[in-house]
Amino acid sequence: MLADRLKEKVSKALLDLAENIKPKVAKGKPFHFLHSFYDGNYTLMFQPGTTTKGKVHLRDGIDSKRTMFTVVIAMIPCLLFGMWNAGHQHFAPIIEIAERLISAISLDSLSQEVLWAKINALAAVDGGLADAMYEAGRRNLEGPELLSYIMPSIENIADAGFFSKFIYGAIRVLPIVVVSYVTGLGIEFAVAQMKGHPIAEGFLVSGMLIPLIMPVTIPLWMVVVATAFAVIIGKEIFGGTGMNILNVALTARVFIFFAYPTSISGDKVWIQDLVDGASGATALAQAFEGGVAGLSWSWFDMFIGSIPGSIGETSTLMILIGAAILIATGIGSWKIMLSVMLGAGVMGILLNIVGGMEGVENQFLAVPFYYHWVMGGLAFGAVYMATDPVTASQTEKGKWIYGFLIGFFAILVRVLNPAYPEGIMLAILFFNVFAPLIDHYIVEANIKRRLAYAKG
Amino acid sequence: MEFMDYFNTFIRSIFIENMIFAYFLGMCSYLAVSKNVKTAVGLGAAVIFVLTLTAPLNWLIKSAFLNEGSLEWISASLADVDLSFLSYIMYIAVIASAVQLVEMVVEKVSPALYGALGIFLPLIAVNCSILGGSLFMAQREYNLGETVAFSLGSGIGWFLAIVAIAAIREKIKYSDVPKPLRGLGITFIITGLMGIAFMSFSGIKL
């Protein structure tokens, strides 16, 4: 009851505010240049009250803004898991070090020199400990006093649980999300203003996708540059939302991939702040080196997703939840999702056969096909990016072909191309390019068939 | 495993060393005739035919006449003659005559396509990807089998590129592209973006 009343109050207040502002941005008023900004926010919060004037009255409650929001909601599980995982990847190796340090201190088994070297190394990667050291230094604490002063911070690291991990990850991930939205929406608003159009909704999804396909260690300025490139070159010059030929988020990622390759691939980028001995290689990099035997994680670990990788892509479980939302609301095409997985499976089996032959050295070939489904970004790409209604095939038959080829080529590139372990990104872009052609021939075939039918 | 070698050359020249997206050869007709899929298919097929015909022909001419010492089969006194300075003009002559042949066939078989291709059909003679095919063949010292595989693959790669961009250009016909970029400008940008997509294959070792 209370919640209902609160909801009513808030929406009333928001509506009043909107109605108050409305005359100020009307044509001819000084703030008219902000009218599309106003429109964008107004329609975001409320269903527009206007109805069509003509005769056609086929209207659905869902418009493109609500469509976009559903996709964003479907990505929330991945985002939340990504936050936790970023923290988990940070804490997992250093928890062990902190624990060993604590037992060494209680047993007094290390020389002072080694002990302090280890503590300093730990402080270099943990802000809390570094702060405590700094504070102790300011108070001129030394020796045992210093040790007892910083001891709680070390114990804190060793005790890092769900919440410390989540909060640490959130602090790392949220800035990327904010930066991506601010850059992209800023450009969208500016372009809408310039053209005198209402603000298009397209960036709501891309703005969330871009952070999810970045490694957590990505410098923020790179996110800005890549987002600007993707929005301007990938979308706005084609006429904005709905007109782009390549998926915007993937364009951003591929831009960084080719412009700053060391920041997005390689085996040390996923976890910053590595302490000695901890490996930050992704599952794909490991499988490339040593096949299944080289993987540090089981199939189930990779399914749950507590492994290094881009922020949103690691957890196949969360992606499945997102897929369920997209399919249940009818927004994502289940045909594309299924056929990408099928294509990947078929290619995986083919490669397994080749890998099983005598004299084949490449161990990646022998990685069972069901591992490919949970490694890297395949599932994420299949659910959130291959299904992008703008760049995918528009015809129903075309969706099967499009999806299947994406999966097929993704695994081909992943396994056979040592330069780019992440095949799904390039496979989706590649078939974004060919989607119009697939559609063209499906449509031609339909016309031919119906003509033949009409002629009887 | 000789067959596998040919097959690898073939696949590589379609995807990895695509004439358009890796070397940007044959751009003029690629840009000009890619307004709709049907004519693009016609021109693409003509390029496949000319390329697959001329590169092996040029290979024969090169190894029978142009290489240093290759005239020995005529008479022993010609053993130290080197005609390789004639290679460009010979290649071009072969290409031009092959194009003439194609032109006559197309005019006879499909006058509509002949009209749609217009000046770009005879211009295949100076299409860089065709001469490029022959020159790559010479530079990389392919044998005859590799030359056939390479030229067929390059032709198919060029065909794929022009058909794909034609479909995209048909799709964006009604897009609100900013005025200064309409036409060729946006086509160049699309080509660049397609090039990025094709880069997924660069680095594959076959």
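The values are calculated or read from the model by the stated rules, or taken from the named source; none is laboratory data. Predicted, not measured: the structure shown is a model, and the values here were computed from it. Note that each Cβ is placed from the backbone with ideal geometry, even for glycine, and that neighbours are counted across all protein chains shown. All accessible areas refer to the heavy atoms of the entire protein, side chains included, with ligands and DNA or RNA removed. Shrake-Rupley method; radii C 1.70, N 1.55, O 1.52, S 1.80 Å.
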Computed lengthening from residue A:117 to residue A:22, 0.36 nm per intervening residue step minus Cα-Cα distance:
27.9 nm
Once all protein chains are kept in place, residue A:134 shows an accessible area at probe 1.4 Å, nearest 10 Å², of 150 Å²
Projected area averaged over orientations for segment B:1-116, convex hull of C-alpha atoms, nm²:
10.0 nm²
List the residues of segment B:1-33 whose backbone N lies under 16 Å from a point placed 7 Å from the Cα of residue A:419 along the Cα-to-Cβ direction.
B:12-24
Averaged over every viewing direction, what's the projected area of the C-alpha convex hull for segment A:364-456? Give it in nm², one decimal, please.
7.0 nm²
Local electrostatic count at residue B:164 - Lys and Arg +1, Asp and Glu -1, tallied over other residues with Cβ under 15 Å:
+2
Solvent-accessible area per residue for segment A:112-268 at a 1.4 Å probe radius, Å²?
42 Å²
Could you compute how much accessible area chains A and B hide from each other, both sides summed, with a 1.4 Å probe? Nearest 100 Å² is fine.
2700 Å²
Relative contact order for segment B:62-161 using alpha-carbon pairs under 8 Å, separation at least 6, rounded to a whole percent?
17 percent
Once Lys and Arg get +1 and Asp and Glu get -1 on their Cβ, which of A:17, A:294, A:233 lies farthest toward the positive end of the dipole of chain A?
A:17
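Would you mind putting B:112-120, A:23-31 in packing order, based on average other-beta-carbon counts within 10 Å, highest first?
Descending packing order for the listed peptides: B:112-120, A:23-31.
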For chain A, the percent of accessible surface on carbon and sulfur atoms (probe 1.4 angstrom, ligands and nucleic acids excluded) is 66 percent
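From the gyration tensor of the Cα coordinates in segment B:22-61, what semi-axes in whole Å does the equivalent ellipsoid have, largest first, with each one equal to sqrt(5λ)?
After diagonalising the Cα gyration tensor, the semi-axes are 23, 13, 6 Å.
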Computed from every Cα-Cα pair in segment B:100-161, P(r) in 5 Å bins starting at 0 and rounded to whole percents is 4, 16, 20, 21, 19, 11, 7, 2
Please tell me the relative contact order of chain A in percent, rounded to the nearest whole number, where contacts are Cα pairs under 8 Å and at least six residues apart.
15 percent
Over the Cα atoms of chain B, what is the Rg over Rh ratio if Rh follows Kirkwood?
1.03
Taking the Cβ-Cβ separation of residue A:258 and residue A:182 as r and a Förster radius of 22 Å, what is the calculated FRET efficiency to the nearest 0.05?
0.35
For the pairs A:7/A:53; A:9/A:53; B:38/B:108, flag any whose C-alpha to C-alpha distance is greater than 21 Å.
A:7/A:53; A:9/A:53
Nearest-ten-degree value, helix B:128-139 long axis tilted from longest Cα axis of chain B
30 degrees
Heavy-atom accessible area, 1.4 Å probe, ligands and nucleic acids excluded: residues of segment B:130-171 down by at least 50 Å² from chain alone
B:168, B:171
What span do the alpha-carbon atoms of segment A:378-422 cover on each of the three principal axes, reported in whole Å from largest to smallest?
34, 17, 14
Within the protein assembly as shown, helix-based [θ] at 222 nm, where runs of 4 or more DSSP H residues each add -39,500 (n - 2.57), nearest 500:
-21500 deg cm²/dmol
Is there a quick way to get the dipole size of segment A:414-456? I mean about its Cα centre, with the Cβ of Lys and Arg at +1 and of Asp and Glu at -1; what is the value in debye to the nearest 20?
340 debye
Give me the mean projected area, in nm² to one decimal, of the convex hull enclosing the Cα positions of segment A:344-388.
3.2 nm²
Full-extension gain between residue A:53 and residue A:445, please, as 0.36 nm times their residue separation minus the C-alpha to C-alpha distance.
137.4 nm
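Please compute, for peptide A:207-217, the average count of beta-carbon atoms on other protein chains lying within 10 Å of each residue's beta-carbon. Intermediate results must be reported in sequence, preceding the final value.
Values: counts 0, 0, 0, 0, 0, 0, 0, 0, 0, 0, 0.
Taking all residues of A:207-217 together, the mean is 0.
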Given Cβ point charges of +1 (Lys, Arg) and -1 (Asp, Glu) and nothing else, what value in debye, to the nearest 20, does the dipole of chain A about its Cα centre take?
2780 debye
Need one number: nm distance between label points at residue B:101 and residue A:141, each 7 Å from Cα along Cα→Cβ, rounded to one decimal.
9.0 nm
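Starting from the Kirkwood radius over alpha-carbon pairs of the protein assembly as shown, derive D by Stokes-Einstein at 37 °C in a medium of 0.692 mPa s and give it in µm² s⁻¹.
After rounding, the answer is 115 µm²/s.
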Once you've got the Cα coordinates, tell me which of A:65/B:171; A:65/B:179; A:397/B:171; A:335/B:171 are over 20 Å apart.
A:65/B:171; A:65/B:179; A:335/B:171
Enter the accessible area per residue of chain B (Å², integer; probe 1.4 Å; all protein chains in place).
46 Å²
Spin-label point model (7 Å from Cα, Cβ direction): what's the residue B:139 to residue B:202 distance in nm?
1.5 nm
Based on the Cβ-Cβ distance of residue A:455 and residue B:173, what FRET efficiency does E = 1/(1 + (r/R0)^6) give at R0 = 35 Å, to the nearest 0.05?
0.75
Need the per-residue list for segment A:220-239: every residue with at least 50 Å² less accessible surface in the complex of protein chains than in the chain by itself, probe 1.4 Å, sorted by number.
A:237, A:238
Starting from 0 in steps of 5 Å, tell me what percent of the Cα-Cα pairs of segment A:220-262 lands in each bin.
6, 27, 32, 20, 10, 4, 1
Give the aspartates and glutamates whose C-alpha is closer than 14 Å to that of residue A:22, dropping any in the same chain fewer than 8 places away, or say none.
A:39
